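What follows is a set of notes on a single structure, which appears directly below.
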Amino acid sequence: MKLRYLFVSLLAVLGLAVACETEEDHYLDEVKVSSSYLAFPAEGGSVTFSLSAEEAWSITDTPEWLTVSPSSGGAGEVNVTATATAAEDTRSGNFNIVCGGKTQIVSLIQMTEKTELPVTSIADVIAAGAGSFRVKGTVTKVANTQYGNIYINDGSTDTNLYIYGTKKDGAYPKDSTGGWDSFGIEPGDIITVEGPFTLYNGTTPEIIDGELISVEKSLIQVAAFDFETLPAEAGSFSMTVNAKVSPILVTTESEWLHVTDVAAGGVYVLTYDENTRTATRTATITIKGPGALKTVDVSQIGVPASGASVTEIIAMEDDSQVQTLQSTTTVAKTTKGIVVSDGESAVYVYGTAVDAIKLGDNVQISAKKTTYNGVPELTDVTEVMVDSEGNTVKHPEAKDITATATEYTADKAEFITLSGTLFVSDDGKYYNMEIDGVDKTVRQGSIVYPVESLNAKSFNGKKITVTGYFNGISGNGVYINIIATKISEFVENPKGTITNPYGADELAALLLAGETFDSEVYAKGKINKIDSISWDVNAEKYYGNAQYWLSDDGSAATLEVYRGFWFDGDKFTAEDQIKVGDEVLVYGKVKLYVNGDNKTPEFDAGNYIVSLNGKTE
């Protein structure tokens with residue numbers, strides 16, 4: 001039998017081992033406080049906390065019953081004292097610390113009653129919208145073990161409550177003896193916490209810096225598995241459950257993991273399908289009983305990458321049957337095909353079999369390798385599999401061939417740019433470009449089957465600049481074919497190019513003003529501060545990228561370089577490859593990152609350095 005769930009009654013006795021998941025938290029880099037929750041006695045008094053800021057800061061929106069000193073300052077660390085007057089009734093509030101365009105909220109509570117707060121349901125807490133509460137619920141997920149970020153639910157609403165920072169005796173797990181283990185919290189445990197409530201970013205209900213009152217171990221336990229991750233091949237495994245409640249319900253909503261049987265002693269049998277993709281996938285097993293819940297995550301590795309890279313494929317003989325790696329990314333589209341890239345080389349895939357593929361899809365394609373107009377191409381597609389969607393589309397630096405158009409030729413899909421006047425044929429089939437100073441019978445440009453989103457027809461009769469992938473020379477050596485990724489009206493030495501890069505301050509101002517950029521740009525500036533290089537301590541993973549800030553003169557942090565790489569997209573290999581005060585030229589996509597009221601102009605992930613203090617390699 002093959003079931004999605006089993007509903008049984010059982011009692012067994014065994015231990016538990018559950019892996020916890022890690023995710024980034026949203027503490028600010030610009031300003032840090034030792035506590036974002038201050039409590040005052042009814043008779044009034046003072047509480048001192050430490051404040052560390054990267055630049056000038058100020059405290060705003062202070063309640064009338066509270067004073068703070070100092071209320072502003074410069075970069076560095078300082079102790080701030082908050083003093084409350086005596087209170088007749090319990091009151092709460094908050095004030096803001098503004099630094100570098102970011103706002104850190106500090107919540108306040110002054111209790112006149114000496115009795116402890118009653119337990120409030122999560123539904124009622126959300127409905128109240130503000131205040132300090134004591135809540136009790138089952139842990140559904142552990143998101144971060146340094147600060148104790150966890151999700152709980154008490155059944156009063158489908159919405160989980162995020163405990164954004166858990167403290168025991170006033171200390172986070174990272175500052176406690178024994179760390180997270182000393183808190184003794186696992187998914188399925190019932191915990192009671194107390195702290196101020198907020199609706200983060202208008203959507204996420206949170207208790208901030210919740211003080212841990214009690215932990216009740218889950219009435220359901222799961223024995224440790226004898227594997228870390230499941231293999232890619234289909235198979236089965238056993239899960240032993242100890243439940244002190246009855247009956248219990250075991251479910252998995254996964255399409256690839258199934259509960260198929262249960263034996264004596266609470267032993268469940270689960271089967272899993274083959275993972276035909278390269279990416280690891282995770283499923284959650286949920287075990288419920290009266291007043292008890294336990295969730296267990298199980299991961300399955302993907303199959304080793306098969307096939308060949310684009311670089312390897314274009315070197316193969318024509319008529320070879322080939323298969324791309326699943327990590328091959330779609331970087332351009334026409335109405336007749338797509339361009340895929342392995343990060344080093346690109347190739348055009350022609351045919352209706354790839355019509356549904358979107359930009360950013362990672363695909364594995366089985367096809368025939370051939371050569372068309374002197375450039376490698378894939379045709380006769382027999383199989384297409386989308387491995388993942390929404391990946392970052394990265395293009396190399398574009399080579400401007402306008403001045404050398406009469407001599408230009410290439411044997412692969414180079415990323416190029418060409419300027420000329422566009423003439424669209426009456427039937428809309430041909431998009432040819434006449435180049436200034438070049439006899440049109442000798443050389444022209446030609447846009448290959450442009451997609452509708454490029455609005456190519458709207459440029460008819462105008463001088464334009466086209467950027468995209470070279471697709472060979474046709475018409476007896478006349479037409480330089482380009483698969484366009486961008487079409488724009490011609491501008492002499494436009495901003496954002498390597499010869500005329502944006503200044504960091506200028507680009508930041510444009511992004512903050514709402515301007516958007518649909519392709520990569522160049523910008524230069526001096527490094528003002530470095531957040532991190534290469535090593536993510538929280539995730540304990542080596543990424544080889546850096547996160548730092550630029551401004552024109554290095555005196556302020558105006559433009560963030562988010563997860564940027566070294567020259568040519570290589571990984572950073574040491575923490576001293578860049579330093580504050582260095583002047584860099586950076587290439588990549590840019591955007592305005594919005595998080596609530598905070599707006600950060602930034603280079604998006606995947607950017608890289610083009611020059612460092614004048615050196616280009």
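At an R0 of 22 angstrom, the distance between the Cβ atoms of GLU88 and ALA128 translates into a FRET efficiency of 0.55. Our helix-only sum for the chain, with -39,500 (n - 2.57) per DSSP H run of n ≥ 4 divided by its residues, gives a mean residue ellipticity at 222 nm of -1000 deg cm²/dmol. What the phi angles of the range 71-85 give under the Karplus curve with 6.51, -1.76 and 1.60, with θ = phi - 60°, is a coupling list of 9, 7, x, x, 4, x, 10, 8, 8, 10, 10, 9, 10, 9, 7 Hz, glycine and proline written as x. The gain in end-to-end length when the SER69 to LEU592 segment is fully stretched comes to 184.9 nm, 0.36 nm per residue minus the alpha carbon separation. Working from Cα pairs under 8 Å separated by at least six residues, relative contact order for the chain is 8 percent. The modelled label-to-label distance between SER299 and THR203, using points 7 Å beyond Cα along the C-beta direction, is 2.5 nm.
Can you give the FRET efficiency to the nearest 0.05 for GLU43 and ASP169, using r as the Cβ-Cβ distance and R₀ = 30 Å? Taking R0 as 30 Å, the efficiency between GLU43 and ASP169 is 0.80.
Spatially, the range 423-480 and the range 34-113 are offset by 63 Å when compared through their Cα centroids. The residues of the range 546-597 expose on average 48 square angstrom of accessible surface per residue, using a 1.4 Å probe on protein heavy atoms.
Remark on the chain: ratio of C-alpha radius of gyration to 2.2 N^0.38 Å is 1.17. Annotation for GLU253 and THR370: the two label points, set 7 Å from Cα along the Cα-Cβ direction, are 4.6 nm apart. Rounded to the nearest 0.05, the FRET efficiency derived from the C-beta distance between VAL438 and THR311 at R0 = 35 Å is 0.60. Solvent-accessible surface of the range 33-189, taken per residue with a 1.4 Å probe and all protein chains present: 44 Å². A simple spin-label model places the labels of GLU216 and THR260 3.7 nm from each other, with each point 7 Å out along Cα-to-Cβ.
Both radii come from the Cα set of the range 312-409: Rg as radius of gyration, Rh as Kirkwood radius; their ratio Rg/Rh reads 0.98.
Taking 0.36 nm per residue of separation and subtracting the current Cα-Cα distance, fully stretching the chain between SER474 and GLN321 would add 52.5 nm. For the range 371-382, the Karplus equation 6.51 cos²θ - 1.76 cosθ + 1.60, evaluated at θ = phi - 60°, returns couplings of 10, 9, 6, x, 10, x, 8, 10, 9, 6, 5, 10 Hz by residue, with Gly and Pro reported as x. Think of a 1.4 Å ball rolled over the protein heavy atoms: the range 427-497 then has 49 Å² of accessible area per residue. Taking Cβ atoms as reference points and 14 Å as the exclusive limit, the residues near SER238 contribute a net charge of -2, counting Lys and Arg as +1 and Asp and Glu as -1. Residue-wise HN-Hα couplings along the range 551-561, as the Karplus relation 6.51 cos²θ - 1.76 cosθ + 1.60 with θ = phi - 60° gives them from phi, are 8, 4, 10, x, 8, 8, 9, 10, 10, 7, 9 Hz; Gly and Pro carry x. Coordinate range of the alpha-carbon atoms in the range 221-361 per principal axis, descending: 65, 27, 22 Å. Taken as Cα centroids, the range 292-345 and the range 137-212 sit 39 Å apart, rounded to the nearest whole angstrom.
The values are calculated or read from the model by the stated rules, or taken from the named source; none is laboratory data. Please read all numbers here as calculations on a predicted model, not as lab measurements. Don't worry about glycine lacking a Cβ; one is built from the backbone with ideal geometry, like all the others, and counts go over all protein chains shown. Please note that ligands, DNA and RNA were not included when accessible areas were found on the heavy atoms of the full protein model with its side chains. Shrake-Rupley method; radii C 1.70, N 1.55, O 1.52, S 1.80 Å.
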